[in-house]
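Just below is one structure, and these are the notes that go with it.
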Amino acid sequence: MDFNNTQAIYLQIADYVCDKIQLKVWKEDEKIPSVRELAVMLEVNPNTVMRSYEYLQNQEIIYTKRGMGYFVQANAAAGILKARRTQFISEDLPQLYKKMQLLNIAVTDLQTGYEQFINQKN
Amino acid sequence: MIAIEKLNFGYRKKELVLENLSLHLKPGHIYGLLGSNGAGKSSLLHNICGLLFPSSGSCKVAGDNPANRNPQFLQQVYLLPEEIYLPNVSIKSYLDVYAPFYPTFDNELFFRFLGEFDIPKENKLQHMSYGQKKKVMISFALATQAKVLLMDEPTNGLDIPSKKQFRKIIAGVLKEDQLIIISTHQVKDLDSLIDYVLILDDKKIILHEPVENITDKLAFKQVMSLDEVSTTIYSEGALKGYAVITPNIKKEQSRLDMEMFFNAVLSEKQQMLSQFNKQ
């Protein structure tokens, strides 16, 4: 995995886990890779993965069964979707608005472009 | 696991390399030892494993004084030096001679690492390239499962795929009761592995912080112009604008740029270190 240079690695790892859950690669109530397995996979210090897993536990995205490892929380995918939508609206959109204003692009200009994009995909 | 108090060391009586150095390290972590050329990184590692003796002060490693060179102590400590010398024998004979010194040596593990590094196990050591020898010695070092593992510039001479392999192997072997110190200039190769940063400068350890503390106190970011941030401690020109270090007032969760951090500590020493000393 290529980490970006801006965000703390433990958060990037948490994001990676959330991607897997949202894409249903790792399913609800199923076991996810152990701290060590993920550390080897991502070439990072296992203590960093531990920190990501603790963070995800606090966010109620994963849970631990003593001696058995970490599992995906029921409804985790829905929770992640909700959190990511909130983040998109509060962080990504303001950036976009700023650029739109700068480049003088109207909201209606977006609509046709977005519709085309959706149609292309289907 | 390592407790160094007021250690003085010099190759000549009047010229100290390490002066009044104190350092306490605990197992379960990978410490990155950073310092300029000639700062004394290797001297410190050699003091820890009993190859050099302090002129005064105390050095305790795994409950023992390294300078006594007790066999029980030496069995638990392994130093992978930067320059390696290998006799002209096969890998197997090297193993037969040297592995018995380490009771916890794991043959299976050794050959697994060799396999991961793509080294044919029938090879004679002298017929190998520098990088290949280094890989054999890295595999040997890790297979000893020593409690204290000291590695001096381990990625020197490794090609790009092997550096990746090295990171994977280290991420997989670190045990809770084991302590790894990696001294390096090539911070970029290893910064995702290191969880504690040690900076050796001016004959002592001037900084000893976990990575999360550093990014808690400081923010690392890219800006288009220096006007965007109010209190820049350190900046470097980057492709687009500047890479800057500022006090982390807004509690941002940025990624530590270890190389820039090291440069910043050396060039803005007072200001950088004061970030860690104030409460």
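The values are calculated or read from the model by the stated rules, or taken from the named source; none is laboratory data. Worth saying up front: this structure is predicted, and the values here are computed from it rather than measured. Counting neighbours? That spans all protein chains shown, and the Cβs are built from the backbone with ideal geometry, glycine included.
Of the numbered conditions (1) outside the structural domain of B:LEU158 (by TED's automatic domain parsing); (2) part of a helix (DSSP H, G or I), B:ALA99 satisfies every one except a single condition; which is it?
Just one mismatch for B:ALA99, condition (1).
All but one of (1) farther than 17 Å from B:PRO66 by Cβ; (2) part of a loop (DSSP other than H, G, I, E, B); (3) in contact (Cβ under 8 Å) with a residue 12 or more places away in the chain hold for B:PRO27; which doesn't?
Just one mismatch for B:PRO27, condition (1).
Go through (1) in contact with a strand residue (DSSP E or B) (Cβ under 8 Å, 6 or more places away or on another chain); (2) among the charged types (D, E, K, R); (3) closer than 28 Å to B:GLU212 by Cβ for A:ASP2 and report which single condition fails.
The failed condition is (1).
Looking at segment B:151-181, which of the residues that are aliphatic (A, V, I, L, M) and within 11 Å of another protein chain (Cβ to nearest Cβ) is nearest to A:VAL49 (Cα to Cα)?
If we take residues in segment B:151-181 being aliphatic (A, V, I, L, M) and within 11 Å of another protein chain (Cβ to nearest Cβ), then B:ALA171 is nearest to A:VAL49 (Cα to Cα).
Yes or no, residue by residue, for (1) surrounded by 20 or more Cβ atoms within 10 Å (Cβ to Cβ); (2) more than 25 Å from A:SER34 (Cβ to Cβ):
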site	(1), (2)
B:TYR78	yes, yes
B:ILE84	no, yes
B:TYR94	no, yes
B:ALA99	no, yes
B:GLU116	no, no
B:ASN123	no, yes
B:TYR130	no, yes
B:ALA143	yes, no
B:ALA171	yes, no
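Could you go through segment B:187-196 and let me know if any residue there is over 23 Å from the mean Cα position of the chain (by Cα) and among the aromatic types (Phe, Trp, Tyr).
no
Looking at A:ASP29, A:ASP15 in this structure, which one is outside the structural domain of A:ALA83 (by TED's automatic domain parsing), without any contact (Cβ under 8 Å) to a residue 12 or more places away in the chain and of a type in the set (Asp, Glu)?
The unique qualifying residue is A:ASP15.
For residues that are in a loop (DSSP other than H, G, I, E, B) and touching a Gly at 6+ places or on another chain (Cβ under 6 Å), tally how many sit in segment B:56-74.
1
With B:LYS188, B:LYS240 as the choices, which residue is touching a strand residue (DSSP E or B) at 6+ places or on another chain (Cβ under 8 Å) and over 25 Å from B:ASN8 (Cα atoms)?
Step by step, each of B:LYS188, B:LYS240 is checked, and only B:LYS240 is touching a strand residue (DSSP E or B) at 6+ places or on another chain (Cβ under 8 Å) and over 25 Å from B:ASN8 (Cα atoms).
Test each condition in (1) assigned to a loop (DSSP other than H, G, I, E, B); (2) in contact with a helix residue (DSSP H, G or I) (Cβ under 6 Å, 6 or more places away or on another chain) for B:LEU114 and report the one that comes out false.
Checking B:LEU114 against (1) assigned to a loop (DSSP other than H, G, I, E, B); (2) in contact with a helix residue (DSSP H, G or I) (Cβ under 6 Å, 6 or more places away or on another chain), the one that fails is (1).
What pairs come out if I take residues in segment B:211-236 that are touching a residue at least 40 places away in the same chain (Cβ under 8 Å) and at negative phi and pair them with residues that are small (Gly, Ala, Ser) and part of a helix (DSSP H, G or I) whose C-beta lies under 8 Å away, six or more apart or interchain?
Pairs that qualify, where the first residue is touching a residue at least 40 places away in the same chain (Cβ under 8 Å) and at negative phi and the partner is small (Gly, Ala, Ser) and part of a helix (DSSP H, G or I), are B:ILE233/B:ALA264.
Considering only segment B:182-193, I want to know if a residue exists there that is out of contact with any Ser or Thr (no Cβ under 8 Å at 6 or more places or on another chain), closer than 20 Å to B:ILE84 by Cβ and not assigned by TED's automatic domain parsing to the domain that holds B:GLU259.
yes
B:THR232 fails exactly one of the following numbered conditions: (1) touching a strand residue (DSSP E or B) at 6+ places or on another chain (Cβ under 6 Å); (2) closer than 30 Å to B:LYS164 by Cβ. What is the number of that condition?
The one condition B:THR232 does not meet is (2).
With respect to A:TYR55, determine if the residue is within 14 Å of chain B (Cβ to nearest Cβ), free of Cβ contacts under 8 Å to residues at least 40 places away in the same chain and under 24 Å from B:GLU212 (Cβ atoms).
In short, no.
Look at A:ALA77 and say whether it is touching an Asp or Glu at 6+ places or on another chain (Cβ under 9 Å), of a type in the set (A, V, I, L, M) and at negative phi.
Spelling it out, A:ALA77 is indeed touching an Asp or Glu at 6+ places or on another chain (Cβ under 9 Å), of a type in the set (A, V, I, L, M) and at negative phi.
Within the bounds of segment B:28-41, is there any residue that is touching a Gly at 6+ places or on another chain (Cβ under 9 Å), exposed (fewer than 15 other Cβ atoms within 10 Å of the Cβ), within 17 Å of B:PHE9 (Cβ to Cβ) and in the same structural domain as B:GLU108 (by TED's automatic domain parsing)?
No, segment B:28-41 has no match at all.
Determine, yes or no, whether B:PHE53 is of a type in the set (Phe, Trp, Tyr), assigned to a helix (DSSP H, G or I) and either more than 25 Å from B:GLY131 (Cα to Cα) or in contact with a helix residue (DSSP H, G or I) (Cβ under 9 Å, 6 or more places away or on another chain) (or both).
no
Only residues that are of a type in the set (Ser, Thr, Tyr) and under 13 Å from B:LEU23 (Cβ atoms): list them for segment B:44-80, please.
Of everything in segment B:44-80, just one residue is of a type in the set (Ser, Thr, Tyr) and under 13 Å from B:LEU23 (Cβ atoms), namely B:SER58.
Provide a single number: the residues in segment A:1-30 that are more than 14 Å from every other protein chain (Cβ to nearest Cβ) and part of a loop (DSSP other than H, G, I, E, B).
8
Go through the residues of segment B:185-195 one by one and say whether even a single one is within 10 Å of chain A (Cβ to nearest Cβ), surrounded by fewer than 17 Cβ atoms within 10 Å (Cβ to Cβ) and not in a helix (DSSP H, G or I).
Looking for residues that are within 10 Å of chain A (Cβ to nearest Cβ), surrounded by fewer than 17 Cβ atoms within 10 Å (Cβ to Cβ) and not in a helix (DSSP H, G or I), one finds none in segment B:185-195, hence no.
May I ask you to list the residues in segment B:220-279 that are polar (S, T, N, Q) and closer than 21 Å to B:LEU200 by Cβ?
Once the filter is applied, which keeps residues that are polar (S, T, N, Q) and closer than 21 Å to B:LEU200 by Cβ, segment B:220-279 yields B:ASN263, B:SER267, B:GLN270, B:GLN271, B:SER274, B:GLN275, B:ASN277.
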